[in-house]
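Before any comments, here is the structure.
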Amino acid sequence: MIELLAIPAWNTAGTTLEAWIAALSAQAGEQVQLDSDPPQGAWIELPTLRIRGYAMFADSHVEAINFELYAPEPAAAIALLEQTAAGLAWEIHPDDEDEEEDDD
C-alpha cells in the first residue's frame, strides 16, 4: 500500500468535498463513492483504481486528504490524483509516517 497526502497549495481558497468528488469523478470517468464520517471527515473511494482517501474537514472545507493506494501497479492512480489535485490548486506528497524529525 502507498499513502499520499493531499494538501492545499499556499493561498488556495477553501475547497469543498463536493469539488473534490466532482474533480475525481471527471478525471476517473466514474462516480466516486462516499462514506461520510461527520463531523471529522469522510471516506471517498474509486474502487476500480483501488484508491481510498480520508478527507479531513476544517469548517465546511477539506483541510487534507490521506489517500491509500492498493493497486499492485499504482502509476495510473498516482497520475490521476496528481492531475486532480493540480486542477484544484492542491499538492500531493508522500505520507511518510516513519520519517520523523530528529530534535537532537
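Bear in mind these aren't lab numbers, they're just calculated from the coordinates by the rules spelled out. What you see is a predicted model; the values in this text were computed from it and never measured. Every residue, glycine as well, gets a Cβ built from its backbone with ideal geometry; the counts of neighbours run over all protein chains shown.
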- Query: Where does the chain land on Rg(C-alpha)/(2.2 N^0.38 Å)?
  - Reply: 1.06
- Amide H to amide H, which residues 5 or more places from T16 or on other chains are under 5 Å from it, using H placed in the peptide plane? V62
- With labels modelled as points extended 7 Å from the Cα through the Cβ direction, what inter-label distance (nm, one decimal) is found for Q83 paired with A19? 2.0 nm
- Item | In order through the range 39-45: 3J(HN,Hα) via Karplus (6.51 cos²θ - 1.76 cosθ + 1.60), integer Hz, x for Gly, Pro | x, 5, x, 7, 8, 10, 8
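Quick one: dipole size for the range 2-94, taken about the Cα centre, charges +1 on Lys/Arg Cβ and -1 on Asp/Glu Cβ, in debye to the nearest 20.
Magnitude of the dipole: close to 120 debye.
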- Message: Between N11 and E73, what is the label-point separation in nm under the 7 Å Cα-to-beta-carbon projection?
- Response: 4.1 nm
- Note on the structure: HN-Hα couplings for the range 58-71 via Karplus (6.51, -1.76, 1.60; θ = phi - 60°), in whole Hz with x for Gly/Pro, come out as 10, 6, 9, 10, 7, 8, 6, 10, 9, 8, 10, 10, 10, 5
- Sum of side-chain charges, A9 neighbourhood, beta-carbon under 13 Å (Lys, Arg +1; Asp, Glu -1): -2
